[in-house]
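Where a number appears in this text, it was derived from the coordinates with a stated rule and is not lab data. All values reported here derive from a predicted model rather than from experimental measurement. Because the Cβ atoms are built from the backbone with ideal geometry, glycine has one as well, and the counts that use them run over all protein chains shown.
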Amino acid sequence: MNLAIADLSANTVFEVRLRQAILAAQHCVKQVGLLLIETENIANFPTYNSALVQELAQTIWGRARTVLRDSDTIARMDDGRLAVLLPSVAGPEDVSFVAGKLLTKLEEPIQLEGSTFNVHPRIGIALFPEHSTSADKLVHTADIALTNAKRTNKRYVLYAQDQNVSRTLLRMSELRQAIVADQLFLLYQPKINLKTGSVAGLEVLTRWQHPDLGLISPDEFIPVAERTGLIIPLTLWVLHHSLLQCRAWNDMGFDVTVAVNLSMWNLEAQELPDQLDGLIKSIGLPSNKLELEITESAIMVDPQKTMRTLTLIRDLGVRFAIDDFGTGYSSLTHLRKLPVGGIKIDKSFVKSMEFDRDNAVIVRSIIDLGHNLGLNVTAEGVETQDAKDMLLTFGCDEAQGYYYSHPILAHEIFQFFQRLPPKVTTSPVTVPNYSDIAKNGNMLSSQVVLQSTQ
Ligand code: G
Ligand code: G
Ligand code: MN
């Protein structure tokens, strides 16, 4: 039997197969394996139907198929994930072996329309009856394993009983509440100008302080926000609070910028340029004090549309930097045309460049490439003095990382300014009227720090 399923509508066929396999497995020693595969570049694409994405999805599907047996079933779920059904496996080693083969195949770069696409697949695995008692629960269980694979940055994860189900479900329903109840808070990580040693800017990194579950990292809640559409209000919340804080610092004479991370979903929202314009005006901060960080893959979702959005935002005076540079798509043509001012070299290259010659060569090449394109280059993940010294000899412009500072709270930034001052403006310090700012915006300015608590 060789029935391969590629249609969304065929999900029901997949379900039928799954139930059949489970029925059969009830009477024998073999188990049913379910693998849920998510490829970062596909599942997160907002425009799932764009021709390129469809073509990519088709290629990935075809590659997965080549690794499987005829008796296995593969289906594309309506959220872009692939589900693979192995109707008869001996146990965890068997499924893990198949997962390994699938990953090796899917990780091969894909050439399409003159670009190279690097897919980063992750797999969540569950077995019947070892991990679950029914077909529905098996899918859910594989989903939890997949969430854990993403959270722990593993290529694949086999479901384990101690993986906490309630935590995953809680987060989904509570994130909306977290935004209105001010459970989110912001950390700031300094970016240092390598030549002058002063603070060049501050990257804004969001955290969620959950009343019961404690601190939740953006790696966990941003994907949830993206799936539920909450990424839009969440990003506006982050922008609002960080711009208020930035204005407070600038009014005190600290000439700093803030850099906010955008999700690819933010670039899809038509309203973003207008919303940014309104926000910047209501807060009364020069627009060049804001930088937005976007990833290469976010840009490549729909390059033409992104170009229009970026240009509109650039025309407001807001600057862009490409985040995690070197890990995504390698389309230099697009990079040259985009209205971006800088690139941030991904920390994976920087962290290991002292010991890994290849990575040192990559870092040096990215710096030269950036400069040749007239871009400002920041190195992320600078953890040691040696790394900093190497970057200086390579001519890198800015550095960010634990060597200088972890992401810290706004009031802790004051101590940092004392140690490594930003460029100080000569204009006299004015104390702004924050009650007005709070009235203009619909959010509290309670998180703005006006003075050091030290
Ligand atoms: O701070 P930390 O290393 O835990 O951040 C993990 C990831 O989450 C990083 O890729 C970072 O860019 C992302 N991130 C942090 N804060 C935000 C945010 O406010 N919005 C978006 N879209 N991503 C964020
Ligand atoms: O994807 P993005 O570049 O936005 O991720 C930034 C995150 O990287 C920060 O939130 C921080 O948690 C993490 N980070 C910052 N500096 C370092 C560093 O020096 N080493 C490591 N391992 N991580 C860092
Ligand atoms: Mn970033």
Taking amide H positions as placed 1.01 Å from N in the peptide plane, with prolines and chain starts having none, which residues 5 or more places from Glu383, or on another chain, fall under 5 Å of its amide H? Tyr403
Among the listed pairs Lys105/Lys154; Lys154/Lys337; Lys101/Lys305; Lys150/Lys337, those beyond 28 Å (Cα-Cα): Lys154/Lys337; Lys101/Lys305; Lys150/Lys337
Determine ³J(HN,Hα), in whole Hz, for all residues of the range 137-145 in sequence, where each value follows from phi through the Karplus function 6.51 cos²θ - 1.76 cosθ + 1.60 and θ = phi - 60°; x replaces Gly and Pro. 5, 5, 5, 4, 5, 5, 5, 5, 4
Selection from Leu102, Val89, Ala126, by position along the positive dipole direction of the range 12-162 (Cβ): Val89
Would you grab the residues whose amide H sits under 5 Å from the one on Tyr156? Only those 5+ places off in sequence or on another chain, please, with H modelled 1.01 Å from N. Ile123
Simple Cβ-charge dipole of the range 159-310, Lys/Arg +1 and Asp/Glu -1, about Cα centre, in debye nearest 20: 200 debye
Gained length - Thr12 relative to Asp368, 0.36 nm times residue gap less alpha-carbon distance: 122.9 nm
If we restrict to alpha carbons, what Rg and Dmax does the range 12-162 come to, in Å? 15.0, 51
Antiparallel as a % of all DSSP beta bridges within the chain, to the nearest 5? 60 percent
Run the dipole for the chain about the Cα centre, Lys and Arg Cβ at +1, Asp and Glu Cβ at -1, nothing else charged, and hand back the magnitude in debye, nearest 20. 60 debye
Under unit Cβ charges (Lys, Arg +1; Asp, Glu -1), what dipole magnitude, rounded to 20 debye, does the range 12-162 have relative to its Cα centre? 180 debye
As I understand it, the dipole of the range 313-389 uses +1 on the Cβ of Lys and Arg and -1 on the Cβ of Asp and Glu, about the Cα centre. Which of Val350, Ser365, Leu335 lies farthest toward its positive end? Leu335
In whole Å and largest first, what semi-axes does the C-alpha gyration tensor of the chain yield when each eigenvalue is scaled by 5 and square-rooted? 43, 25, 21
Quote to one decimal, in nm, the extra length available between Arg176 and Lys337 on full extension: 0.36 nm per residue of separation minus the C-alpha distance between them. 54.3 nm
Tabulate in residue order the Karplus-calculated ³J(HN,Hα) for the range 309-319, using 6.51 cos²θ - 1.76 cosθ + 1.60 with θ = phi - 60°, rounded to whole Hz; enter x for Gly and Pro. 4, 4, 5, 4, 6, 4, 5, 6, x, 7, 9
May I ask you to list the lysines whose Cα is less than 23 Å away from that of Lys281, ignoring any residue fewer than eight positions away on the same chain? Lys289, Lys439
